[in-house]
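For reference, the structure discussed in these notes is given below.
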Ligand code: ADP
Ligand code: MG
């Protein structure tokens with residue numbers, strides 16, 4: 001857990017726009033996206049392929065820069081930071097979960113969960129103890145020493161959830177996290193995400209094609225023609 005109060009872990013997005021230059025006219029992907037969320041809020045974003053869902057998540061996670069508008073996380077305007085400050089911001093405050101687990105194949109489940117802590121060198125605390133506790137929380141503490149190739153798809157995604165929580169981020173961003181899972185595992189991962197976000201009082205945003213998964217979260221919005229409606 002972090003020492004932050006709820007106030008300095010809330011998210012405020014105003015008038016966000018994103019366009020990509022093309023030889024003809026600029027390609028407008030996000031037009032005017034505004035969003036406010038508090039710690040513990042959970043949001044599902046649905047919408048057709050190509051509507052800008054991943055673009056929005058990548059900007060919120062500061063992997064990409066907006067063309068217009070502002071993002072504030074508590075008192076921080078991440079896009080005012082230099083590259084090194086931005087990397088630190090991401091390590092401290094953002095957890096990502098993708099459709100593909102993106103686990104390192106040569107590392108065990110426990111080592112994969114420990115990885116984000118390397119980026120935060122100097123952070124006090126028992127990292128191994130926390131990683132083990134997180135694996136217990138996601139229900140696979142019996143698989144600590146397994147490599148990703150020795151885990152099922154659902155188990156790999158559980159490791160990815162534990163890894164995303166390692167630095168107790170205020171913002172958990174999930175891009176089609178159950179896209180590769182069967183219905184039973186998809187439901188379990190959805191419920192796990194909602195429950196862990198509550199446990200660490202993170203803001204949770206999940207992009208999904210599944211109406212069933214979307215219904216797991218407290219709020220649902222649709223990305224349509226560059227707007228979040
Ligand atoms: P979604 O996740 O909703 O399927 P994306 O956010 O991935 O959609 O993409 C939205 C649109 O932006 C698509 O039309 C895609 O081709 C375009 N796009 C994404 N990344 C780039 C890029 N780096 N350069 C140009 N166009 C891009
Ligand atoms: Mg996408």
Go through the stretch 92-110 residue by residue and tally those that are buried (at least 18 other Cβ atoms within 10 Å of the Cβ) and either on the phi > 0 side of the Ramachandran plot or without any contact (Cβ under 8 Å) to a residue 60 or more places away in the chain (or both). 4
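Just one of 197, 186 is assigned to a helix (DSSP H, G or I), buried (at least 21 other Cβ atoms within 10 Å of the Cβ) and within 12 Å of the chain's Cα centre (by Cα); which is it?
Values: 186 fails: within 12 Å of the chain's Cα centre (by Cα).
Of the residues listed, the single one that is assigned to a helix (DSSP H, G or I), buried (at least 21 other Cβ atoms within 10 Å of the Cβ) and within 12 Å of the chain's Cα centre (by Cα) is 197.
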Which of the residues that make up the stretch 166-187 are out of contact with any strand residue (DSSP E or B) (no Cβ under 6 Å at 6 or more places or on another chain) and away from ligand 2 (no atom under 16 Å from the Cβ)? 166, 167, 168, 170, 181, 182, 183, 184, 185, 186, 187
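Only the coordinates and a few stated rules stand behind these numbers; no lab work does. Quick caveat, the model's predicted, so the values are computed rather than measured. Note that each Cβ is placed from the backbone with ideal geometry, even for glycine, and that neighbours are counted across all protein chains shown.
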